[in-house]
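Read-outs throughout are calculated quantities, based only on the coordinates presented, and are distinct from any laboratory measurement. These numbers were taken from a predicted model, which means no experiment stands behind them. As a convention, Cβ positions derive from the backbone with ideal geometry for all residues, glycine included, and neighbour counts pool all protein chains shown.
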Amino acid sequence: MGRDFHSLEFVPLLNLVAVWRDAGVFRAREMAALAWTEVLTGVTPAGVSEAAYEAAGQEFAESELAFLTAAIASINEWNRICDGLPVTLPIPQDGGKV
């Protein structure tokens, strides 16, 4: 069963994403998703290795891996847009919505 991302259980996990390999708190499926994210984010002209694809395939069906890949690509795209353009995101000063 998956985690309830609306529970307080999830908050400490967010703080450990940067050290996910050593944290010892992530499930195998979550670690596979994080590893796949690193592979796609740091992809080189050589592309993704067969070993990386097979490792991701151990935890995800082909259709799930396609959706995960699309989500990762979308986030990476927005990161590149914000890195490349002088974008300043509005920060609410009153704790409310922008």
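At a glance:
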| read-out | value |
| --- | --- |
| Protection-proxy order for peptides 75-81, 40-46, each taking the mean of Cβ atoms within 10 Å per residue, highest first | 75-81, 40-46 |
| Cut-off 19 Å (backbone N to label point 7 Å along Cα→Cβ of A51), residues of the range 7-27 | 21-22 |
| Pairwise label distance in nanometres, W78 with Q58, each label 7 Å out on the Cα-Cβ vector | 3.1 |
| Computed over the chain, the ratio Rg/Rh where both radii use C-alpha atoms and Rh is Kirkwood | 1.02 |
| Axial C-alpha extent at least 30 Å, average Kyte-Doolittle at least -1.0 - helices from the chain (DSSP) | 62-84 |
| The chain, dipole about Cα centre (Lys/Arg Cβ +1, Asp/Glu Cβ -1), debye to the nearest 20 | 220 |
| The chain - mean residue ellipticity at 222 nm from DSSP helices (-39,500 (n - 2.57) per run, n ≥ 4, rounded to 500) | -17500 deg cm²/dmol |
